[in-house]
Amino acid sequence: MAIPEALPEDIETRALFMRCLGRHFPIVDLKGRLVELEVGEVVQEPSYMHSFWIEQDYVRLA
């Protein structure tokens, strides 16, 4: 739904978030206001090989 403004400075992280924007991903885990998403399909790895945590404010549940 949106990309967090407070991301690490490296370009690869921002590029990964840009590739994920507007797509659907499985939720792996929830911890408080954080959601873990399996995003391996945008990095051409099996989805279980790549995930990240993001605040729920930036995710729309489908």
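The values are calculated or read from the model by the stated rules, or taken from the named source; none is laboratory data. Nothing here was measured: the structure is a model prediction, and the numbers come from that model. Here Cβ is always computed from backbone atoms with ideal geometry, including for glycine, and neighbour counts include all displayed protein chains.
Assorted remarks:
- Any hit, region 31-50, residues being at pLDDT 85 or above, charged (D, E, K, R), more than 10 Å from the chain's Cα centre (by Cα) and part of a strand (DSSP E or B): yes
- Odd one out for ALA6, checked against (1) under 11 Å from the mean Cα position of the chain (by Cα); (2) exposed (fewer than 11 other Cβ atoms within 10 Å of the Cβ): (1)
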